[in-house]
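Here's the structure we're looking at; comments come further down.
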Amino acid sequence: KTKVYYFEDIKEEVLDEAAAVIRQGGTVIFPTETVYGLGANALDEKSVSRIFEAKGRPSDNPLIVHISNYDMLLYCIGEPLSEKAQKLIAHFWPGPLTIIFKKSKAIPDEVTAGLDTVAIRMPDDPIALKLIDKSGVPIAAPSANISGKPSPTAPEHVIKDMEGKVDIILCSKDTRVGVESTVIDITGDIPTILRPGGATLEELKKVLGEVQIDKGILDPGTIPKSPGMKYTHYAPKAPMTIVRGDYNMVMEKILELAGKDKERGLKVGILTVDENINYYNGFVTLSMGSKEDTAEAAHNLFNTLREFDKLMVDIIYAEAVSEEHLGLAVMNRMKKAAGFNIIEV
Ligand code: TXA
Ligand code: MG
């Protein structure tokens with residue numbers, strides 16, 4: 001039922017076919033620079049309902065609208081472009097930044113879960129941009145994973161989760177960024193990050209000056225503003241515990257806990273970095289890359305979580321990473337994957 005096209009086969013005709021499917025109300029999975037998206041015509045509520053069906057996603061979680069040009073942006077928003085928006089767009093688009101605007105009447109309630117705002121981004125991927133262009137409509141798209149699973153960053157992730165549930169899958173390479181876009185709300189006085197992602201806090205501050213992080217992201221006790229942040233997300237099958245602190249203490253603690261679990265007969269997975277991986281002899285270890293490179297960690301994180309599923313570990317310990325640059329998004333996803341189960345050492 002699902003037509004799967006691989007990178008080599010994605011010529012103009014295939015993009016024309018996929019665009020026709022979007023216009024006719026169908027669903028197309030396409031690559032972006034962050035993660036794969038599960039798209040449908042953002043202007044049509046029936047099309048949009050197919051996205052929620054395919055993902056098993058609660059319909060009170062609003063979708064991001066993907067555009068390929070400025071006319072589309074203006075068509076979707078119900079306000080003049082603010083100075084802040086113009087700065088952000090000039091600096092970050094196409095790219096991993098989603099901006100919240102007042103919505104126009106063209107955007108149905110199904111896309112925004114009844115909110116009067118709409119989340120919009122221009123993805124930095126030639127296949128995505130061509131697909132949107134050829135469709136002639138903005139494309140609503142969440143990450144193309146089954147709801148609750150790690151977002152898909154490789155063709156095999158998408159095929160595993162979504163084959164049989166959508167009309168077309170356009171496979172490209174592994175996605176470049178590896179975590180989802182940053183969601184920023186600029187409707188208030190101080191620009192607020194609702195979800196950390198591919199555009200970093202440091203970069204955003206350079207462009208806007210003051211930028212704050214929504215409390216819901218930092219403290220699991222408060223109610224998050226970005227509705228998507230309240231669901232269990234990104235979770236591998238095995239329960240995961242993050243150990244945070246000085247690396248030496250972290251490694252010692254993980255070895256201690258993992259050793260005990262192993263004695264109890266459990267298969268233990270450890271999520272670590274290149275510099276530390278040899279420390280954990282006798283356990284199932286996966287590295288996110290060098291501890292100096294937060295972009296590498298972002299690129300690898302979701303794949304490592306899915307690898308632990310394949311390796312069928314019973315329990316996972318993860319070293320906390322630095323929250324600088326892309327590390328903020330990486331730790332946010334790790335915390336969610338661990339259900340905020342963190343040991344401080
Ligand atoms: O990188 C990405 O953003 C990927 C690719 C496919 O573009 N998409 C993605 O979509 O991650 P999704 O649906 O998994 O996450 C959308 C996020 C959720 O946290 C949602 O709550 C938030 O954006 N969001 C959407 N509309 C919103 C709105 N009007 N106000 C506040 N948050 C909104
Ligand atoms: Mg998602």
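Here, each number is a calculation from the coordinates, and none is a lab measurement. Keep in mind the model is a prediction, meaning the values are calculated, not measured. A quick note on method: Cβ atoms are made from the backbone with ideal geometry, for glycine too, and the neighbour counts reach across all protein chains shown.
Data overview
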read-out: Evaluated over the chain, the Cα radius of gyration and Dmax, each in Å; value: 20.1, 63
read-out: Highest-fluctuation residue, L115, L204, L328 considered, GNM on the chain with Cα pairs under 10 Å; value: L115
read-out: Residue exposure sequence - M251, M240 - by fewest surrounding Cβ within 10 Å; value: M251, M240
read-out: The range 90-177: proportion of alpha-carbon pairs further apart than 23 angstrom, %; value: 32 percent
read-out: Fraction of beta bridges assigned by DSSP in the chain that are antiparallel (%, nearest 5); value: 35 percent
read-out: Hull shadow area, averaged, the range 89-238 [alpha-carbon convex hull, nm²]; value: 10.5 nm²
read-out: Long-range amide H partners of I169 with built H, under 5 Å; value: K3, V4, Y5, I29
read-out: Neighbour-count ranking [beta-carbon atoms within 10 angstrom, fewest first] of F30, F308; value: F308, F30
read-out: Rg/Rh (Cα only; Kirkwood hydrodynamic radius) as it applies to the range 17-172; value: 0.94
read-out: Simple label model, 7 Å out from Cα along Cβ direction - K310 to E324, nm; value: 3.3 nm
read-out: Hull-based mean projected area of the range 233-280, where the convex hull spans the alpha carbons, in square nanometres; value: 3.9 nm²
read-out: Value at 222 nm in deg cm²/dmol, rounded to 500, when DSSP H runs of n ≥ 4 in the chain each add -39,500 (n - 2.57); value: -10000 deg cm²/dmol
read-out: 4 °C / 1.567 mPa s Stokes-Einstein diffusion coefficient of the range 246-334, Kirkwood radius on C-alpha pairs, µm²/s; value: 99 µm²/s
read-out: Residue range of the chain that is longest and free of GluC sites (Glu not before Pro) which are both DSSP loop and sparsely packed (at most 12 other C-beta within 10 Å); value: 1-209
read-out: Relative contact order (%) - the range 146-295, alpha-carbon pairs under 8 angstrom, separation at least six; value: 15 percent
read-out: The range 97-140: trypsin sites (Lys or Arg not before Pro) falling in loop per DSSP and having at most 10 other Cβ within 10 Å; value: K105
read-out: Relative contact order for the range 49-206, counting Cα pairs under 8 Å that sit 6 or more residues apart, in percent; value: 27 percent
read-out: Residues V118, V250, sorted so that the one with the fewest Cβ neighbours within 10 Å comes first; value: V250, V118
read-out: Simple spin-label estimate for N248 and K105 in nanometres, 7 Å along Cα-Cβ; value: 6.8 nm
read-out: Mean separation of Cα contacts under 8 Å, 6 or more apart, over the residue count of the chain: relative contact order %; value: 19 percent
read-out: Set of lysines with alpha-carbon distance to K205 below 20 Å, sequence-local pairs under 8 removed; value: K84, K87, K215
read-out: Spacing of the two label points (7 Å from each Cα toward its C-beta) at R264 and N69, in nm; value: 6.0 nm
